[in-house]
């Protein structure tokens, strides 16, 4: 009958053969010299070392010798890093970074604290990230720069900031950066990412867009070249900007006598007209009412 | 010629070094099993009451022994290098473990390789009247070399007989006075590829080859007693993949041959005839095999044990008579081949026509009777002489070649290359000339 309880069969190793390593190890172990070294000399040497370690003078001498050897090895000319190559950044940034990092050189590659050097490189506002490597006795720094997205006017200063609102550099004049939209107002930098959405949404209105003004730390006003303002809601400013762009494309809205387009309530857009236009509208409305009365 | 000489002398030097260190391994690479002895070689022979000189056999003692099933060897030649290497590693490791020493030098046997045997004779005129070692070397070198064929190095070259003027049958002519020295040389060549494979597999096991011996010769050394070697006898080593033949006369091997047929063929016949696995066939052959069918054998069923997995229905049986009917023709074929080889060697002309069967194949019951019928002479089964320290399990007829290798290691036969080259090399000759010139002029 077939057994119901499964028992592990005794392991039969057919045609067993020792591995080449096991074979060599056994042969090595059977070598008289190796055997004697392992069984007699090695324990004797270990005992002698242990006894010698107990004497303070020996211990200090051994430690000093170890430290000296280590130092001599680390400061061999093969391990000295003396050159510096900075890539991936504009000349100003590169020279600034090189000036800071160059102070640590020349040094042994064992003593170079690359994380700290990286910290030093990324401390620059213009530097987004830095990759440091040592090869061929040179320290190679691959920088990636922050790309400015806006000019931010705050008080008297003009600052270039990136889409996350971090400072990249100071700007001397607005005219030096004609391609970048202007942000104005307190707290504009911290909302830079939503400003970017608004700018993207402006579409056909983009040539007209002069600046985005932060109002009350919570919402944007888009100022157009004719001084007209598009008042955007705190939530979904990009969608509202799209609405404004559509209105302008269909109605030529901002070529008319409009000073404000108020989109703060998306359900109820308002426009504010110049004084003569308002009078015209009122007159037209009165005329319409009168005609209605006559009927 | 000279490179054979150099190679063999180099192996001889390795062997001397091994004997000086005191340890040497012997390795029988057979087709059915691979065996290894680790020998300790002492300088002094044991002496005691009633112990004579034991032809140097007392000097060796087996201190490590192991055998394993052979793999990677077919018809006595290496067929799978990795497999053979693994098998050799296995035996060498366990023999070393038993011995507790490391061996670096190994004497190996070659059972296949199609050995071919040649009888040569040479003649040399002695200048100063007394035979010296240089004259012996000269007469050996004067032997006319037969065409051995492409890539067939010399395995053995034994000086068999020396004759000085009209006196023949001299074992050692040195110091004797005469004028014309002639010698008979027995030369065995083998296939170079088989030898190189053997050397390669030994090298892959981190060992150094200290000699290659024809397995038939080694078996003859072990299985023949002194009288048989003296009077003339043939040793038939029936191995697994090859059957080795060596003919001895006056304590020298005078003929060697190998037939690529062996016990493995019998096993394969059983496996095919009874439709069973080869391992099962091997077991049935060893336990129930025979050569002489009797009436009782018809009534003796052998369970074949199937092995197909269908336990219920595959319970076939065969009678022992059927088994014998399979085994006998193949054994007869092998013996016929042996007979043909012995006839070709002129075995009939020997004064004594003893045939000694050894090797695993000789253990089939009824073998001596059948062999006597085919070979037509006195036949006996030869068990190898005991080497001191050899375990009982490794000293049956199957291990004749292994034991013979041990005896060979203890006291190797002088070979042609053991004599100093007779002024064949330029510096020696010029030096000798210079000395002669000095002698005659000063």
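The values are calculated or read from the model by the stated rules, or taken from the named source; none is laboratory data. Fair warning: this is a prediction, and the values are worked out from it, not measured in the lab. Every residue, glycine as well, gets a Cβ built from its backbone with ideal geometry; the counts of neighbours run over all protein chains shown.
Some observations on this one:
- Residue B:94 in contact (Cβ under 8 Å) with a residue 24 or more places away in the chain, in the same structural domain as residue B:208 (by TED's automatic domain parsing) and farther than 22 Å from residue B:417 by Cα: yes
- Exactly one residue out of B:220, B:149 is at positive phi and in contact (Cβ under 8 Å) with a residue 40 or more places away in the chain: that is B:149.
- Restricting attention to segment B:224-242, the residues that are more than 16 Å from residue B:342 (Cβ to Cβ) and touching a helix residue (DSSP H, G or I) at 6+ places or on another chain (Cβ under 7 Å) add up to 3.
- The criterion of being away from chain A (no Cβ under 14 Å), at pLDDT 85 or above and over 30 Å from residue B:337 (Cβ atoms) holds for residue B:177.
- One residue from A:235, A:240, A:222 being out of contact with any helix residue (DSSP H, G or I) (no Cβ under 7 Å at 6 or more places or on another chain), outside any loop (DSSP other than H, G, I, E, B) and modelled with pLDDT of 80 or more: A:240
- Residue, nearest to the other protein chains (Cβ to nearest Cβ), within segment B:65-112, restricted to residues that are assigned to a loop (DSSP other than H, G, I, E, B) and within 12 Å of residue B:30 (Cα to Cα): B:71
- Exactly one residue out of A:172, A:162 is within 26 Å of the chain's Cα centre (by Cα), surrounded by 18 or more Cβ atoms within 10 Å (Cβ to Cβ) and not assigned by TED's automatic domain parsing to the domain that holds residue A:129: that is A:162.
- Subset of segment A:1-58 that is within 12 Å of another protein chain (Cβ to nearest Cβ) and loosely packed, with under 10 Cβ neighbours inside 10 Å - its residue that is nearest to the chain's Cα centre (by Cα): A:21
- For segment B:327-353, filtering for residues that are modelled with pLDDT under 90, in contact with a helix residue (DSSP H, G or I) (Cβ under 6 Å, 6 or more places away or on another chain) and surrounded by 20 or more Cβ atoms within 10 Å (Cβ to Cβ) leaves 0.
- Residue B:116 meets all of the listed conditions (1) at pLDDT below 90; (2) surrounded by fewer than 20 Cβ atoms within 10 Å (Cβ to Cβ); (3) within 14 Å of chain A (Cβ to nearest Cβ) but one, namely (3).
- Being crowded, with 22+ Cβ neighbours inside 10 Å and away from chain A (no Cβ under 14 Å) is not true of residue B:153.
- Residue, nearest to the chain's Cα centre (by Cα), within segment B:207-220, restricted to residues that are modelled with pLDDT of 90 or more and over 14 Å from residue B:29 (Cβ atoms): B:217
Residues are listed down the side, and each one gets a yes or a no for (1) in a helix (DSSP H, G or I); (2) over 23 Å from residue A:204 (Cα atoms):
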residue	(1), (2)
A:254	yes, no
A:265	no, no
A:278	yes, yes
A:284	yes, yes
A:288	yes, yes
A:292	yes, yes
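- Test: residue in segment A:152-159 that is modelled with pLDDT of 80 or more, assigned to a loop (DSSP other than H, G, I, E, B), in contact with a helix residue (DSSP H, G or I) (Cβ under 8 Å, 6 or more places away or on another chain) and within 27 Å of residue A:119 (Cβ to Cβ): no
- Scanning segment B:128-140 for residues that are buried (at least 19 other Cβ atoms within 10 Å of the Cβ) and touching a strand residue (DSSP E or B) at 6+ places or on another chain (Cβ under 7 Å) yields B:131, B:135, B:138, B:139, B:140.
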